[in-house]
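One structure follows; several queries about it will come next.
Just so you know, all these numbers are worked out from the coordinates, no wet-lab data involved. This one's a predicted model, so the numbers in the text were calculated from it and none came from an experiment. A quick note on method: Cβ atoms are made from the backbone with ideal geometry, for glycine too, and the neighbour counts reach across all protein chains shown.
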Amino acid sequence: MNADDPKFTAHALGELEDITPAERAEIEALLASDPAAAAEAAETQALAARLRAELPGEAAAALQEEQRAAVLQAVGSPEPVSKVVPFPRRATVLAALAACVVVGLSITLIFQALQTPDIASLRLAKAKAKVPDDQVIVALQPFTEPEAKAPSQILSTPAPVAQTLQFGDLTVDKPKGDLANQAVQAPPLPPAEELGTLRLAGSNGYTGATTISGGKLQSPPPGNAPPGKPGVPATMSNSKPGVALPVTAAPLSTATGSSQFQTAYTETRADPAGHSDVAWARPIRRFHTPPNVSRDVQLATDAAGFDNLAPGSSSFDKIAENVFLPARETPLSTFSIDVDTASYAIVRRFLNDNQRPPSGAVRIEELLNYFTYDYPQPKGDVPFSATMEVAACPWAPEHRLVRIGLKGREIPKDQRPPSNLVFLIDVSGSMNMPIKLPLLKQSLGLLIDQLREQDQVAIVVYAGNSGCVLEPTHDKAAMREAIGRLEAGGSTNGASGIQLAYQIAQRSFIKGGTNRVILATDGDWNVGITNQESLLEMIAQKAKSGVFLTALGFGMDNLNDSMLVKLADRGNGNYAYIDTLVEAKKVFVEQLSSTLVTIAKDVKIQVEFNPAQVGAYRLVGYEKRLLAKEDFNNDKKDAGEIGAGHTVTALYEIVPAGQETSQLAMVDKLKYQSPSDDASAKPAPPSPEPAPKDAEKPSNPTPAAAPAAGAAVPLPKLETPVSANRGEPLPASVRKELMTLKLRYKAPDGDKSKLLEFPLTDPGTTWEKSSPDFRFAAAVAGYGMLLRDSNYRGQATWQSVAEWAHEGLGPDASGYRTEFLSLLEKAKALTQ
Amino acid sequence: MPAPDTLELTALLDRFERPLVRYAQSITGDLESARDVVQETFIKLARGGMNTSAEGSDTARHTEAWLFTVTRNRALDHQRKFSRIIPMTLPEDRPSPAPGPAAVLEQQESATALFRLLDALSPNQREVIRLKFQNDLSYREIADVTRLSVTNVGFLLHTGLKKLRELLREQAPEDFDLSRSVL
């Protein structure tokens, strides 16, 4: 018997039940004779006392009143046949943050770092494929006068449809007063005035297909809530057909107060158990648990519940895909832009390791935005241009596919504002792998090469402790030396390091410059859940001071993807995953300006669909970026940033009006109000067979309902829509419009948003006539859907996706698109 | 214990709903499904789902163990059903009047040091430590709930506490004045 025997501990804890008298005597003899053992026992007892004192203090939520009521109602009733009705779930952020995940990834990903196909060799392959490089260069130059120069030299297709909306020549009169902020209290104002008319570049010359009837720049509209739906809370419906909720008098009080919160953080959730009748409406946000588990003694106990944990796991939030939403019931689709690209590199890493990525790692918007597309440079003062194109949807030819493209203004290298960068580098023990710290050092070396005299760098490291290893300096040699000295060791305490980094960044703030903390980590933070939430809050706070964040993910064994996504999101930042030096080069050399220089922040997109033309729509990807329709006009609501030269692409799959679809998300008929209740607010008379109207639902493709199982829902075609304002029939040209794109953005240092609007009419373009970029984007979306095993992949196969990508390859100066082709091959081999 | 009456049930709810929700949440990872799980557990109890077991004269203790066992099984079922990935326990937010982020950080440095260290343990170590010290179950009760052997439970607690002591010493040597925190 010694102090290392479990019985010894049991004895110290006073657990004498299963200790034999002989053992007890032995232990007590040991305690009497061996001071070290006695000290151990005392230590154990002290720890036990502390645990007893502190653990019960952990917050413990009670059941909800309804749930208690249901329990008490069940007294004495026989064991039921039916299952317990799940109660409406509150999608509170706290509950979400409580979730902590370990994805069951079984390791082995580690030491194959730099094996991604070399871009250079891909280039070579491409050169063999007879794509002359000079043409490449020409093609990549932004064309500033698209109306004068048809892009035939760029696009080999005879009739390109890419529609360019320039809003450069606007004279923007700032609306008087701070309408946006007063919006809630303000008395109703007349409809937004038209302050200027867009000059439409390229609408006549070379397309002839898309009609654009003129954009408007509007002052912020009066009032946040759309007319006719005052104060309707965005409750999450969670109904199961045929089962009445055993609700007593208690109201669902949780819904009203936090509606905005809920809608903002809601994701639909695919139900693997096939409960398609249950509409999940709550966030699946999970945090990573520290990987120490893997280093832990793995016990040989094989008890139930302990067997599914793979040691060393990365953490990816689940994504439930956006569903088709009826344009008539939910005409507005609202989301924040996203310029993160990490998902593409993460997926690439999995594929190169011959593993299929978990579907949570496949974020289609990040795949789309990994590539740059040939969108025109903005003109005038507006920081970005918008482009729309619509053609047949390749994976569902009876549907239409709309591509929305934004492009941030390019800033030439020499005009980049001075940078104040603070590298915040994780040097904890887990970073001690070839694809982590060494790659990180090389990557930052690339960045330092790009810096100029006016740029300054400080370096903060964190592990068990954090410290500043390089005070802000302009001296590149000092930077390189400090980077060279970095070594990994110790545990990770990211929180204090982040604070220090922001402090330094604020201290050496360059007004009008780029102020940015660049966090490089595997995201493996041993911080508790509360700390994570307050950390995010702190970052959001710091972002307001003008210091933005870039999150760089490294490694794969325990990458905390979900944490880095959130950090970048809240910190007005971007998130890239560095799997190879080639990727580092993309982020730090080729797209350095995009990475560093933010040209507009809180960029939100709201699309209004015309139910006369659109039966249903589905936003492809952007599940994590959905906003409530009210958030669009709410300048307090944070959204994504766009960097210099960034391109942002979003796709909508559209079911034309009158077509049937079996995939439409429908909700049950409302119990307390008839659909005609708010007909006054609708631009059209109620249709003969009105679909139930769910006014409470957020406008975007958030969850409230899962696709109705198999039932084809006829989409009523509207007759003559009338103007929402005057009750007069809309002009024919407006009735033909498919949708209107609305954008809001703020200057990087501003806090008031500007609004831009562009209508789009579908010219009926066929797939064959679509532009190469359109095809390539469709291929990337198809790739994502196939990897995710999406229900919406339709006719997409690896074969067809590869064909689309080939058709859309274009000049591909950078070689990334060619690399995509090789990834398609890998994915195809892996999934078949 | 046969099906309890409303009074008994209310008393049991009052006493155990919070510990059970917390425990379920440590398995499911989110509060709402934890609540569902506990609701189901209590409904099963209300309907007389708990077999009157001959063994164990202490019916109150027996009921407690039963509640934890059913909660645990349902929570694990829930996890298997809804997630390919099993979240591990993390402390839920502790009640706080939401001070500023920086203040929160500092304050939590000490307050949640222990919880953070718990995160470093293996899930099963963490679970037995919770059951032992948060819910005051005996080795045997823990064994019943987790379907581990008493020896296994003893081993998990032994290694878990040992690890915790090491971590405490390593992370905050100056704080390792256990006698102080006992008070």
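For A:801, A:655, what ranking results if the residue with the fewest other Cβ atoms within 10 Å of its Cβ goes first?
A:655, A:801
When the Karplus curve 6.51 cos²θ - 1.76 cosθ + 1.60 is applied with θ = phi - 60°, which whole-Hz ³J(HN,Hα) does each residue of the range A:429-439 get, with x for Gly and Pro?
Here the 3J(HN,Hα) series is x, 5, 7, 7, 9, x, 8, 10, 4, x, 5 Hz.
Show the residues, 5+ positions off or on another chain, whose built amide H is closer than 5 Å to the amide H of residue A:460.
A:423, A:424, A:425, A:469
I would also like to ask the following. Taking a 31 Å limit on the Cα-Cα distance, which of the listed pairs A:436/A:636; A:669/A:752; A:636/A:736; A:542/B:132; A:407/A:769 fall beyond it?
A:436/A:636; A:669/A:752; A:636/A:736; A:542/B:132
Order these by the 10 Å Cβ neighbour count, fewest first: A:373, A:816.
Details: A:373 23, A:816 17.
Taking fewest neighbouring Cβ atoms as first place, the list is A:816, A:373.
Other chains' Cβ within 10 Å of B:141-149 residues: what's the mean?
Working: counts 0, 0, 2, 0, 0, 5, 4, 7, 2.
Neighbouring Cβ atoms belonging to other protein chains average 2 per residue here.
What number, in nm² with one decimal, is the all-direction average of the projected area of the convex hull of the alpha-carbon atoms of the range A:782-832?
Quarter of the Cα hull surface area: 3.4 nm².
Just to be sure I understand the model, the point goes 7 Å from the Cα along the line to the Cβ. What's the resulting residue A:822 to residue B:147 distance in nm?
In this crude label model, residue A:822 to residue B:147 measures out at 4.8 nm.
Could I ask something else about it? Under the Karplus relation 6.51 cos²θ - 1.76 cosθ + 1.60, θ = phi - 60°, what is the ordered set of whole-Hz ³J(HN,Hα) values for the range A:27-43, x standing for Gly and Pro?
Coupling constants for the range A:27-43: 5, 5, 5, 4, 4, 6, 8, 10, x, 4, 5, 4, 5, 4, 4, 5, 5 Hz.
What length, rounded to one decimal in nm, is gained on full extension from residue A:636 through to residue A:49, with 0.36 nm per residue of separation minus their alpha-carbon distance?
Value of the extension gain: 206.7 nm.
Can you sort A:393, A:468 by how many other beta carbons sit within 10 Å, fewest first?
A:468, A:393
Residue separation times 0.36 nm, minus the C-alpha to C-alpha distance between residue A:1 and residue A:752: what's the value?
The span from residue A:1 to residue A:752 would gain 263.1 nm if fully extended.
Still on this model: Taking R0 as 51 Å, what FRET efficiency do you get between residue B:81 and residue A:453 from their Cβ-Cβ distance, rounded to the nearest 0.05?
Computed FRET efficiency for residue B:81 and residue A:453: 0.30.
Using the Karplus equation 6.51 cos²θ - 1.76 cosθ + 1.60 (θ = phi - 60°), what ³J(HN,Hα) coupling, rounded to whole Hz, does each residue of the range A:818-830 give in order, writing x for Gly and Pro?
Whole-Hz 3J(HN,Hα) from phi for the range A:818-830: 5, 4, 4, 4, 5, 5, 4, 4, 4, 5, 4, 4, 6.
Relative contact order for the range A:412-596: what is it in percent, counting Cα pairs under 8 Å that are at least 6 residues apart?
The normalised contact order for the range A:412-596 reaches 26 percent.
Give me the inter-chain shielding for B:122-134: mean count of other chain Cβ atoms within 10 Å, whole number please. Don't jump to the answer; show the numbers that get you there.
Values: counts 11, 8, 9, 4, 2, 2, 0, 3, 3, 0, 6, 11, 8.
Mean partner shielding for this stretch: 5.
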